[in-house]
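Undergrad: The structure's right below; bear with me while I get my questions together.
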Amino acid sequence: MTDLASRHDTRGDSHSTKDAFPLAALIALALSGFITILTEALPAGLLPQISSDLSVSQASVGQMVTVYAIGSLIAAIPLTRVTRNMRRRPLLAVTIAGFAFANLITAISTSYSLTMVARFLAGISAGLLWALLAGYAARMVPDAQKGRAIAIAMAGTPLALSIGVPAATLLGTVIGWRTCFLLMSITAVLLTLWIATQLPDFQGQHSNDKQSLGQTARIPGVRPILFVTLTFVLAHNILYTYIVPLLRPAGLEHRVDAVLFLFGCVSLIGIWFVGAFVDRWLWLLAVASCLTFLLASAVMGIWPTERTGVYASVGLWGLAFGGAATIFQTAMARSARKQTDAAQSMLVTVWNIAIAGGGLLGGGILNHLGVEGYVPVTLALLFLCLAVTVVCRNAFRS
């Protein structure tokens, strides 16, 4: 494959609209996201095996996911600021190499403490990667193709959730959880080599382009996008984290695998649809995602005991969520422009706050209001999300 970097000038920031669409390079970015999500979520599918091997409780193994999220939350903004002068290709390669190292340590560690350190390091890599991914994809293509490029780069997330995690969980039960993490480490090494040799390179941020986080936040459109992201993802994680009690009234608590598989597959349709039209209809897609998620929550609230209603709700929910990251990141890339990486790091931080907040808020709802409290809270969040999306239309300009 021809080195894509040869198409760029010495600054690494120019591209010609006549250049072929950089599909192979975008697939490499999608694989980066795939490995990130797989690394994050796999311990949840292998709780018994890891618990037995490390001689700790399954609840303790569950904290492998928590400490990963904490690493991402803590690292995204500081690391993005520290590395903003670095060239993008070597920085991305080092970030993926971080997953190779962390997964290797996880695979060979016999100490729970060392394993948790490795998971924290993996989370740090994830925080930086998510801050880089959308901006990297956007810089590969002309303005008219940025949304499509970001959609392809983000496709690794629903693929990992719908196919990667279930397949890796099955593989881990057959060949052992350590071998599974070792294979992920090897895959990350190969991906690092691909990125280091084949992806186009770009300069970091020029010194005269630097702005403080406060200045970045005051760029028109940035704060509405952050608010919409917070409310949308918070509503999603309240439902996703506590999917088992939500399914219990319909007698589907033992079919969580089938329900989540449906969610993941429909999410793929959502991200395909968004990718096809995001460059022309960004605001309409943002509104449609909010409305579809609202409808999904309403259906779940109206027919919580009907299996058909629950499956329909999950399908609508997956459709709404599949392209959400692409919508938010495309909007942020267009609003922030030269400050894209800094703005994306803020988006990553807000996203991780919503993940943590979904677990905490969802637990409080379950303890004080019961499972019936989930739908009213998510509807309230989504109404706020929709209102800001409609009022702040310029934040989602096409």
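Undergrad: Please work out how much length the chain gains when fully extended from residue 144 to residue 217, using 0.36 nm per residue of separation minus the C-alpha to C-alpha distance, in nm with one decimal.
TA: 23.8 nm
Undergrad: Non-local amide H neighbours of residue 323 (under 5 Å, H modeled in plane, Pro and chain starts lacking H): which ones?
TA: Residues meeting the amide H criterion: 271.
Undergrad: Follow-up. Report, to the nearest whole %, how much of the accessible area of the chain belongs to carbon and sulfur atoms, 1.4 Å probe, protein only.
TA: It is 68 percent, rounded to a whole number.
Undergrad: Describe numerically, in nm with one decimal, the distance between label points set 7 Å from Cα along Cα→Cβ at residue 87 and at residue 284.
TA: Taking the two extended label points, one gets 4.2 nm.
Undergrad: In addition: Could you go through the stretch 383-395 in sequence order and give the Karplus-derived ³J(HN,Hα) for each residue, using 6.51 cos²θ - 1.76 cosθ + 1.60 with θ = phi - 60°, rounded to whole Hz, and x for Gly and Pro?
TA: In residue order, the calculated couplings are 5, 4, 4, 5, 4, 5, 4, 6, 5, 9, 4, 5, 5 Hz.
Undergrad: Is it possible to state the helix-based mean residue ellipticity at 222 nm for the chain, with each DSSP H run of 4+ residues giving -39500 (n - 2.57), the sum divided by total residues, to the nearest 500 deg cm²/dmol? What is it?
TA: After summing the helix terms and dividing by the residues of the chain, the value is -25000 deg cm²/dmol.
Undergrad: At 7 Å along the Cα-to-beta-carbon direction for both residue 52 and residue 291, put a label point, then send me their distance in nm to one decimal.
TA: 5.1 nm
Undergrad: Additional query: Could you state the accessible area per residue of the chain in Å², with a 1.4 Å probe and every protein chain left in place?
TA: Accessible area per residue, the chain: 41 Å².
Undergrad: Putting +1 on Lys and Arg Cβ atoms and -1 on Asp and Glu Cβ atoms, find which of 110, 293, 228 reaches farthest to the positive end of the dipole of the chain.
TA: 228
Undergrad: Short version: ³J(HN,Hα) in whole Hz for each residue of the stretch 254-259, in order, from phi by Karplus 6.51 cos²θ - 1.76 cosθ + 1.60 (θ = phi - 60°), x for Gly and Pro, what are they?
TA: 8, 10, 4, 4, 5, 5
Undergrad: Here's a follow-up. Charges only on Cβ, +1 for Lys and Arg, -1 for Asp and Glu: so what's the dipole of the stretch 24-124 about the Cα centre, in debye to the nearest 20?
TA: So the magnitude is around 560 debye.
Undergrad: For the pair residue 367 and residue 113, what calculated FRET efficiency results from E = 1/(1 + (r/R0)^6), where r is the Cβ-Cβ distance and R0 = 25 Å, to the nearest 0.05?
TA: It comes to 0.25.
Undergrad: Now, a different point. Length gain on complete extension for the stretch residue 203 to residue 256, per 0.36 nm per residue less the alpha carbon to alpha carbon distance?
TA: 14.6 nm
Undergrad: In nm, what is the difference between 0.36 nm times the number of residues separating residue 179 and residue 353 and their Cα-Cα distance?
TA: Stretched fully, the residue 179-residue 353 segment lengthens by 59.5 nm.
The values are calculated or read from the model by the stated rules, or taken from the named source; none is laboratory data. None of the values given here were measured: they were computed from a predicted structure. Quick reminder, even Gly has a Cβ in these numbers, built from the backbone with ideal geometry, and neighbours come from all protein chains shown. Note: accessible area is taken over every heavy atom of the protein model, side chains too, but ligands, DNA and RNA are not part of it. Shrake-Rupley method; radii C 1.70, N 1.55, O 1.52, S 1.80 Å.
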